[in-house]
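Every number here is computed from the coordinates shown, using simple stated rules; none is lab data. The structure presented is a predicted model; accordingly, all values stated were derived computationally and were not measured. Glycine also receives a Cβ, built like all others from the backbone with ideal geometry; neighbour counts cover every protein chain displayed.
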Amino acid sequence: MRGIFTPITKIRRQVFSEVAKFAFEHDIEGDDFGYFYESAYRIIPGEEPLYRDSVFKERAIIRERIRMAMGLPMRPTGTHQPLTEGMQDTADGKKRLDLPLVNVIPFACEKCPTDRIQVSDNCRKCLAHPCTAVCPVKAVSIGKNAAVIDQDKCIKCGRCITACPYHAILRFGRPCAEACGADAIDSDELGRAVINQEKCVACGLCIVTCPFAAISDKSEIFQVITAIRRGKRVAAIIAPSFVGQFGPLATPGKIVSGIRKLGLSHVIEVGWGADYGSMQEADEFIVHVPHDKKFLGTSCCPSWAMFARNVQPETSDCIALSHTPMVAAAKKVKELSPGTLVVFIGPCVAKKLEALEDEVRPYVDFVITYEELMGMFSAKEIELSDMEEDTLGTLASRDGRGYAVAGGVAEALVNSIKRRQPGREVPFMKADNLRDCHKMLRLAKAGKADGYLLEGMACPGGCVGGPGTLSLIPRAGSAVKAFAASSPYLSADDNPML
Amino acid sequence: MGKIVVEVCAGTHCTLMGSMDIIDAIASLPEIGHIEDGLNDIEVIPVPCRNHCKENMVGPIVYVEGEIIPQADQETVLAAIINKIRAQKV
Ligand code: SF4
Ligand code: FES
């Protein structure tokens, strides 16, 4: 649930710090993994359930979450498998993450009804009962105490909802399916939600939306920490939305120090990669739009880029060719310091999926979220407010840093295009959720966006609204803008490091 | 009527456990100002870790006029603030 800290957020974060604590402090070679049997009791203590009908079920859910936080697959519900199976093998500091990335824990799913129109007890069984009159299929009748909707007949047109003078008729659906702009939530034979992996673009919004904490992605915190403990050189590349994510006392410089205290060698701004991307996409726009590409769709949000190519293959050549800024930044690190492992830290679940692609694997070793990083700080008891101010390895321009907020990518690109072709008008459209992105794509297909730049993002508000964030969106947005304004360079073209 | 001082721990453990959400919830209080006056006079101060978390107290830790609230959430903090405001009035 975005914007309100609920027991779900808490459980998720407790799991991250449990796993991080083990990874930092325990014997990762031996058979200390029994620790994780106790984790479930630390998170759900006592004999009474905290949230559900059974304390055993609550702990069972925690156990599957722990496995996924270690990058492992869930266990089958119907057959025996020890919790710790496979844990030892994941402790070698190598990449383990595998598909499916986003998973519904089947027995945690409460089988919320799919799209349904229902009469609530606000109904006063009024004399006018316009609900019956407006229904085109005679699905509404007046029962003994209230209006009744025949679910077999209902076609979900919603007309009764608008007609009711008491706002007594409601439409509700599965929160996970409503959050999913890619329509990737199906039902299994028991009516539980299941993710259609063909359609899923890993935006991660169902994870933070499900009110029963039934959905989780896999994490790589365990592998990052074991890599550090095994003496490997690991550098961090951090997304532009990082400012303001770790509390009001954690300045960007202190965050950098904190990350290095975890044992990471360098902290590089992915905003630099954004600058690199701006230059490339500005060139692509100038060379190809509108002659051989009707429009240009941005490529920095992997969910949007995958989605755009999946749902409308006929316009897929209009989505910019470049990979995300993450990849550009990672390539830079590998070029400057071969053999160094690269961990991307960001707000994003989709980057975990992007990092599994064959062309990206060689550059990005691990992907973790801000929430997962905060779990690491907490496990290692690093107080960010006590840290010295440190500086970022590579600097990004104001425009590159602005990528984190919806509208920022288009702004950066327009600036870069105008630098190259002064006086050129660059009309643009933008959308910051996949449903609106889909509408934008349809318009583009219909020829309504010829010569346009299309900024697509899967998360509301842009990256600052990503599923792996800790801060509320408006607060994060202003922190990002302030940090962007402090850059010595205005746009990508001014960045001497390119 | 005096100001109500609310210190919210912005240390690592407490931030992980949701203290930023509490700060934002308090900031939203003036929106219900027509129901309760005095809501405009709250000062929210993010404070560093005072080591309660290391003594096994569970965060987030909030201090409403010095009174410590462990395992705070929006519910308890908002209620504590409103109580203080009401107590000041009588
Ligand atoms: S919102 Fe959660 S509990 Fe409801 S159907 Fe979706 S996964 Fe299941
Ligand atoms: S982080 Fe709040 S008391 Fe330590």
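Per-residue mean of foreign Cβ neighbours for A:239-249 is 4 (Cβ atoms of other chains, 10 Å radius). In chain A, helical runs assigned H by DSSP with n ≥ 4 each contribute -39500 (n - 2.57); averaged across all residues and rounded to the nearest 500, the mean residue ellipticity at 222 nm is -10500 deg cm²/dmol. When the range A:230-494 is described by a simple charge dipole with +1 on each Lys and Arg Cβ and -1 on each Asp and Glu Cβ, the residue from A:Ile259, A:Leu453, A:Val343 located farthest towards its positive end is A:Leu453. Per-residue 3J(HN,Hα) values for the range B:68-78, derived from phi via the Karplus relation 6.51 cos²θ - 1.76 cosθ + 1.60 with θ = phi - 60°, read 7, 10, x, 6, 5, 9, 3, 3, 5, 5, 4 Hz in sequence order (x marks Gly and Pro). Computed over neighbours whose Cβ is under 15 Å from that of A:Ile44, the net charge equals +2, Lys and Arg +1, Asp and Glu -1. The range A:60-112 and the range A:176-211 have Cα centres separated by 18 Å. Taking 16 Å as the cut-off, the amide N atoms of the range A:447-482 that come nearer than this to a point 7 Å along the Cα-to-beta-carbon line of A:Ile4 belong to A:472-473.
Near A:Ser265, within a Cβ-to-Cβ distance under 11 Å, what is the net charge of the other residues, with Lys and Arg +1 and Asp and Glu -1?
Neighbourhood net charge equals +3.
For the protein assembly as shown, the share of DSSP beta bridges that are antiparallel, to the nearest 5, is 45%. Taking amide H positions as modeled 1.01 Å from N, with prolines and chain starts lacking one, the residues under 5 Å from A:Gly297 and 5 or more places away or on another chain are A:Ile319, A:Ala320, A:Leu454.
By the equivalent-ellipsoid construction on the alpha carbon gyration tensor, the range A:1-91 comes out with semi-axes of 22, 16, 13 Å, ordered largest to smallest. With Rh defined as the Kirkwood radius, the inverse of the mean 1/r over Cα pairs, the Rg/Rh of the protein assembly as shown is 0.99. Shielding by partners for peptide A:380-387, expressed as the average number of C-beta atoms from other protein chains within 10 Å of each residue's C-beta, is 4. What is the percent of Cα-Cα separations in the range A:230-494 that go past 32 Å? More than 32 Å apart: 19 percent of the Cα pairs in the range A:230-494. Ranked by the mean number of other Cβ atoms within 10 Å of their residues, highest first, the peptides A:175-183, A:406-414 fall in the order A:406-414, A:175-183. The label point for A:Cys157 and the one for A:Ser141, both projected 7 Å from the Cα toward the Cβ, are 1.9 nm apart.
For the residues of B:3-16, the average number of beta carbons from a partner chain within 10 Å of their own beta carbon is 6. Modelled spin labels at A:Val287 and A:Ser316, positioned 7 Å past Cα toward Cβ, are 2.1 nm from each other. Within the shell of other residues whose beta carbon sits under 10 angstrom from the beta carbon of A:Gly93, the net charge comes to +4, with Lys and Arg scored +1 and Asp and Glu -1. Counted by neighbouring Cβ atoms within 10 Å, the residues B:Lys89, A:Lys418 run from fewest to most as B:Lys89, A:Lys418. Among A:Ile319, A:Ile221, the order by Cβ neighbours within 10 angstrom, fewest to most, reads A:Ile319, A:Ile221.
Highest mean first, the peptides B:43-50, A:398-405 sorted by other C-beta atoms within 10 Å per residue fall in the order A:398-405, B:43-50.
When each of the peptides A:421-434, B:14-27 is scored by how many other beta carbons lie within 10 Å of its residues on average, the order from highest to lowest is B:14-27, A:421-434. Counting neighbouring Cβ atoms within 10 Å and putting the fewest first, the residues A:Val289, A:Val364 line up as A:Val289, A:Val364. Quick one: which of A:Lys294/A:Lys351; A:Lys334/A:Lys380; A:Lys218/A:Lys351; A:Lys10/A:Lys57 span more than 20 angstrom between C-alpha atoms? Over 20 Å Cα-Cα: A:Lys294/A:Lys351; A:Lys334/A:Lys380. Averaging the Cα positions of each part gives two centres, and for the range A:299-319 and the range A:402-435 these lie 17 Å apart. In order along the range B:50-65, phi translates into HN-Hα couplings of 9, 6, 4, 5, 6, 9, 6, 7, 8, x, x, 9, 10, 10, 9, 6 Hz, rounded to whole numbers, per the Karplus curve 6.51 cos²θ - 1.76 cosθ + 1.60 with θ = phi - 60° and x for Gly and Pro.
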